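Asker: I am attaching a structure below and will ask some questions about it afterwards.
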Amino acid sequence: MPAELRTFLVATLPVIELRGAIPVGLFLGLSPWEAIFWSTLGNLAPIPLLLAGLLAARRWARHWPLVGPILAWIERRVERHRGQVDRYGPWGLALFVGVPLPGTGAWTGAAIAALLDLPLGRATLAIIAGVIIAAALVGLLSTLGWLALT
């Protein structure tokens with residue numbers, strides 16, 4: 001399997017996303033630009049379907065006796081932060097997604113957007129912006145680390 005495809009596929013995985021895919025791409029012999037490019041594409045690929053799917057799943061899950069109460073509890077916890085989201089708007093979501101820390105990223109950003117009923121178009125653009133920010137930061141740090149090791 002080509003290194004580009006491996007890097008792309010690793011970036012589609014939740015939790016790992018491009019934060020893990022860029023170093024993988026470098027390890028597989030891709031140039032920093034190639035690793036960043038394929039990781040960014042891979043991280044963005046599932047987002048439109050994920051957002052739409054999460055919104056649909058949320059509506060469906062409310063009617064299930066076991067899942068409904070758990071979802072209601074999660075929604076109450078997320079709702080506490082609505083003020084911050086309303087205050088910062090899509091830029092807040094973009095910055096959240098863009099911070100390369102565990103638990104942040106496109107998948108978590110999509111879940112937050114779905115739980116807060118953010119408009120699909122604005123949420124998608126905010127997540128894209130956040131992924132680009134994360135790609136720049138992780139790409140820079142990974143490249144500097146890779147250069148220091150070689």
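Asker: Of all residues being within 25 Å of residue 72 (Cα to Cα) and in contact (Cβ under 8 Å) with a residue 60 or more places away in the chain in segment 118-134, which is nearest to the chain's Cα centre (by Cα)? Just the residue, please.
Answerer: My answer is 127.
Asker: Next question. Looking at segment 34-57, which of the residues that are free of Cβ contacts under 8 Å to residues at least 60 places away in the same chain and more than 15 Å from residue 109 (Cα to Cα) is surrounded by the most Cβ atoms within 10 Å (Cβ to Cβ)?
Answerer: The residue in question is 38.
Asker: Quick one: residue 138 ticks every box in (1) modelled with pLDDT of 85 or more; (2) farther than 26 Å from residue 27 by Cβ; (3) in a helix (DSSP H, G or I) except a single one, so which number is it?
Answerer: Checking residue 138 against (1) modelled with pLDDT of 85 or more; (2) farther than 26 Å from residue 27 by Cβ; (3) in a helix (DSSP H, G or I), the one that fails is (2).
Asker: Continuing with this model, one more query. Consider residue 89 against the criteria (1) surrounded by fewer than 21 Cβ atoms within 10 Å (Cβ to Cβ); (2) within 14 Å of residue 127 (Cβ to Cβ); (3) out of contact with any Lys or Arg (no Cβ under 9 Å at 6 or more places or on another chain): it satisfies all of them except one. Which criterion is unmet?
Answerer: Here residue 89 clears every test but (3).
Asker: Determine whether segment 78-101 contains at least one residue that is without any contact (Cβ under 8 Å) to a residue 24 or more places away in the chain and of a type in the set (Lys, Arg).
Answerer: yes
Asker: Now, a different point. Exactly one condition in (1) hydrophobic (A, V, I, L, M, F, W, C); (2) within 19 Å of residue 130 (Cα to Cα); (3) assigned to a helix (DSSP H, G or I); (4) within 17 Å of the chain's Cα centre (by Cα) is false for residue 55; which is it?
Answerer: Single failed check for residue 55: (2).
Asker: Right, something else. Scan segment 12-33 residue by residue and report those that are part of a helix (DSSP H, G or I), hydrophobic (A, V, I, L, M, F, W, C) and surrounded by 13 or more Cβ atoms within 10 Å (Cβ to Cβ).
Answerer: Result: 18, 21, 22, 24, 26, 27.
Asker: Checking residue 69 against (1) outside any helix (DSSP H, G or I); (2) loosely packed, with under 15 Cβ neighbours inside 10 Å: exactly one of these is not met. Which one?
Answerer: Failing condition for residue 69: (1).
The values are calculated or read from the model by the stated rules, or taken from the named source; none is laboratory data. Not measured: the values here are computed from a predicted model. Methodologically, a virtual Cβ is constructed for each residue, glycine included, from the backbone with ideal geometry; neighbour enumeration extends over all protein chains shown.
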